[in-house]
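What follows is calculated from the coordinates using simple rules that are stated; it is not laboratory data. Everything numeric in this text was worked out from a predicted model, so none of it was measured. Ideal geometry is used to build each Cβ from the backbone, glycine not excepted, and the neighbour counts take in all protein chains shown.
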Amino acid sequence: MARFKQISQIQALMAKKECIRNIGIIAHIDHGKTTLADSLLSGAGLLSPCMAGTARVLDYLEAEQKRKITIKTANITLLYKTQSGSYLINLVDTPGHVDFTGKTTRALRIIDGAVVIVDAVEELMAQTESLTRQAIEERVRPVLFINKIDRLVTELQLNAEAIQKKLDHIINSFNDLIEIYAEAAYKNQWKISLAKGNVAFGAALYGWGFTANMAKKRALKFSEVISACKNARSDKLVAALPVYEAVLEMAIHNVPNPREAQNYRIQKIWGGNINSPIGEALTGCYDETPAIIAVSNVFDESGATIVAGRTFSGRIRKGDKLQLVNTSSDVEVKAVYVDMGAMREEIDEVLAGNLVALALSGKVEIGETLVELGRKNDMKPFECVNYISEPVVTLAIEPKNPQDMETLQSELVQLATEDPSLKASVDKDTGEYLLSGMGELHLEIAVNKLKEKRGIEITVSAPRVVYRECVQKQGLVVLSMSPNKQSNVQVQVEPKLEENIVYQGIKLAFDEYQNILLDVENKTQQLPKESIEAIKRGFAYACTAGPLCGEPIHQLKVSLITFEQNPNIDNTEIEHAVSKAIFGSFLTANPILQEPVYKIILFVASNLVGESIRLINRRRGKVNHFEQKGLFTQIEGYIPVVETFVFAKELRSATSGKAVWQSIFDHWEKLPPKLAQDIICEIRKRKGFLVEIPKPERFVET
């Protein structure tokens, strides 16, 4: 296969840390990320200028081309030549749709700078704020590209003064985000301004853009830009102000090289000792140190494991042996690649500070840390990535042919491995295989991938909303005995308080639903390890499916008060006793059912505001803010996830498809009592339970 002409030059630049930039493009959906990426590829000589803006090179999946949205992150390594020398640009294009935000979150771990794109008309959207906040929390330095400037002239027909005022407002709003979310050491340093050259303006679709310094050097006045937009003379602007030059020059001068970035980022994203030899290797971004790679993506390609990530230390070559820090297993490097969009180019080695793709001999999960063989004991894993959302919509999936059951289960696990925003599970009450995701689109894409990959014929249920069972007060102390009456346990439950609370007692367990198990009387200190593990399993069993209707329990504090055990007891008996006691106390603590609630943002023409608000209110939603933005109005509010299945269709009909809207999971909220009663009854029937909720006495020893 023909190699990219630039590969030898790219390999040569990998050792020159000062010439490397790891950047990502983040933005609200349809603000122009992939369009801008096309222009950057054009500037690096990888795409014809006449194709830039329409080719969507990094949206190479069929679903992306069909829907014209970015679904996955795509990496590409660019060689960009300037008058002062050549630079290696490792570029990551990320999804803008909220259902795929988890992929963007992972991408932030491996980049040092983010080009945040904002539509000049729509301004900063909720997704813009959310992604920028995440970037700042990862110590990823942001720069700003205000896109679609032409719309201010052609659509809103603003004069020069009004345009300047609008652009100033966007810049000030962006700086407000930095003021709110950045650590003190970076607030002033990272704020944007024309003088710093870390803000650019343009129209990526038409291929032009500029910074203030660029316009000054080319002696081009803003009035000339406005005139060219009015007269549809984008060609004049492209010749004088190519957008790729504006954005890449802005990134080169404002985004730190990997050695500079790792010097201050490692202490934020890595939990080890910065002053240790490993810590010094990471902060120094050295090549002649142990190889350390953070995995941001995993792909299963014809049975081969391909991982993408960043080499934070050392060098990696074909044949190297690596250890997985989290699982303690070993893998061998079968091939080393640099990503070139839809293709990969195999190379001899990748050095510290660069993005990399590896073919490995064994299975690896996203978020894993790979380290040179023999150095695992010296290495701490990278800090966990904090996702801003969680799966709140579920599908039940089953194969049409029962013989495909094992294959289906394996493929569901693989889907969740490749995308941690998906959750694959088995309902212990119904035996159904469940796939949970951020929203309907997220699940639709996952199901299509499942069908295409193995050709399995499956049946899929209608989307269901995930609920949570909670308590509102402290429950009674409940005594429960094991089924054979040989052991007993006393527990008491109550609502778990806010995060970062220091609880009294020994923390035995903490789960994904934010439930915590505490040994408040130190009853487990003298117990065998097997008994403690059985107590933890009983806690996990109870929290996975609560007594109201078998939905997960959420934000519960469980205090283990007493525990007496017959030395010869089977550990499964302990599990039963613990889960029974938790259920008993739970049912005395004023239990409720919570539903997931989306934050919703609508962008509609001003004459459609009234009808849009009525639709939100009709669907149990609440509007808390709306703001005029030119000819359009941005409406913000909250709406239960279950109501959005119908709301989307109603909104399209009421606005003739002219409303742009976005929803993202925001919080859990108590269901109204009558509705909760109906939903609990419906879920219990679907799961084959008795309709009546059990009484506490069923689980309590008298």
**OP:** Go ahead and estimate [θ] at 222 nm for the chain from helices alone: -39,500 (n - 2.57) per DSSP H run with n ≥ 4, summed, over the residue count, rounded to 500.
**Re:** -10000 deg cm²/dmol
**OP:** Restrict the search to segment 220-289; then list the chymotrypsin sites (Phe, Trp or Tyr not before Pro) that DSSP places in a loop and that have at most 15 other Cβ atoms within 10 Å of their Cβ.
**Re:** none
Original post:
Could you give the length gained on full extension between D429 and S656, defined as 0.36 nm per residue of separation minus the Cα-Cα distance, in nm?
Top reply: 77.4 nm
Original post:
Cross-link list K191/K268; K166/K622; K268/K334: which exceed 23 angstrom alpha carbon to alpha carbon?
Top reply: K166/K622; K268/K334
**OP:** Would you order I180, I592, I680 from fewest to most other beta-carbon atoms within 10 Å of each residue's own beta-carbon?
**Re:** I180, I592, I680
Subject >> Order of C19, C229 under a 10 Å beta carbon neighbour criterion, fewest first >> reply: C19, C229
Original post:
Could you give the dipole magnitude of segment 261-378 about its Cα centre, charging the beta-carbon of Lys and Arg +1 and that of Asp and Glu -1, in debye to the nearest 20?
Top reply: 260 debye
Original post:
Full extension from T562 to Q628: what is 0.36 nm times the residue separation minus their Cα-Cα distance, to one decimal in nm?
Top reply: 17.7 nm
Original post:
Any idea what % of Cα-Cα pairs in the chain are farther than 37 Å?
Top reply: 45 percent
Subject >> segment 261-378: mean projected area of Cα convex hull, nm² >> reply: 6.9 nm²
**OP:** May I ask for the net charge around I535, where only other residues with Cβ less than 9 Å from the Cβ of I535 are counted and Lys, Arg are +1 while Asp, Glu are -1?
**Re:** -1
Original post:
Which of the GluC sites (Glu not before Pro) across segment 411-481 are loop residues per DSSP, with 11 or fewer other Cβ within 10 Å?
Top reply: E457
**OP:** Over the chain, calculate the relative contact order: mean separation of alpha carbon pairs under 8 Å at least 6 apart, over the residue count, as a percent.
**Re:** 10 percent
**OP:** Report the charge-dipole magnitude of the chain in Debye, nearest 20, computed about the Cα centre from +1 at each Lys and Arg Cβ and -1 at each Asp and Glu Cβ.
**Re:** 1620 debye
Original post:
Taking only the alpha carbons of segment 552-702, what extent do you get along each of the three principal axes, in Å, biggest first?
Top reply: 75, 28, 23
Original post:
Under a plain spin-label model, where a point goes 7 Å from the Cα along Cα-to-Cβ, how far apart in nm are D300 and N377?
Top reply: 3.4 nm
Subject >> Extension gain (nm, one decimal) between Q514 and N172, 0.36 nm per residue minus Cα-Cα >> reply: 119.4 nm
Original post:
Are there trypsin sites (Lys or Arg not before Pro) in segment 587-650 that DSSP marks as loop and that have at most 12 other Cβ atoms within 10 Å, and which are they?
Top reply: none
**OP:** Provide, for q = 0.18 Å⁻¹, the log10 of I(q)/I(0) from a solvent-free Debye sum over equal Cα point scatterers in segment 498-580.
**Re:** -0.75
Subject >> Cβ-based charge dipole, segment 565-658, positive-most Cα from S656, Y638, T588 >> reply: S656
**OP:** Neighbouring Cβ atoms within 10 Å as the yardstick, rank K685, K529, K318 fewest first.
**Re:** K529, K685, K318
Subject >> 4 °C / 1.567 mPa s Stokes-Einstein diffusion coefficient of segment 393-466, Kirkwood radius on C-alpha pairs, µm²/s >> reply: 107 µm²/s
Subject >> Relative contact order %, segment 261-378, counting alpha carbon pairs below 8 Å whose residues are six or more apart >> reply: 29 percent
Subject >> Which of Q525, A228, Y181, positive extreme of dipole for the chain (C-beta unit charges) >> reply: A228
Original post:
For a label point 7 angstrom out from the Cα of S606 toward its Cβ, which stretches of segment 653-669 have the backbone nitrogen within less than 18 Å?
Top reply: 659-660
Original post:
If R0 is 60 Å, what FRET efficiency do you get for Q504 and N159 from their C-beta distance, rounded to 0.05?
Top reply: 0.40
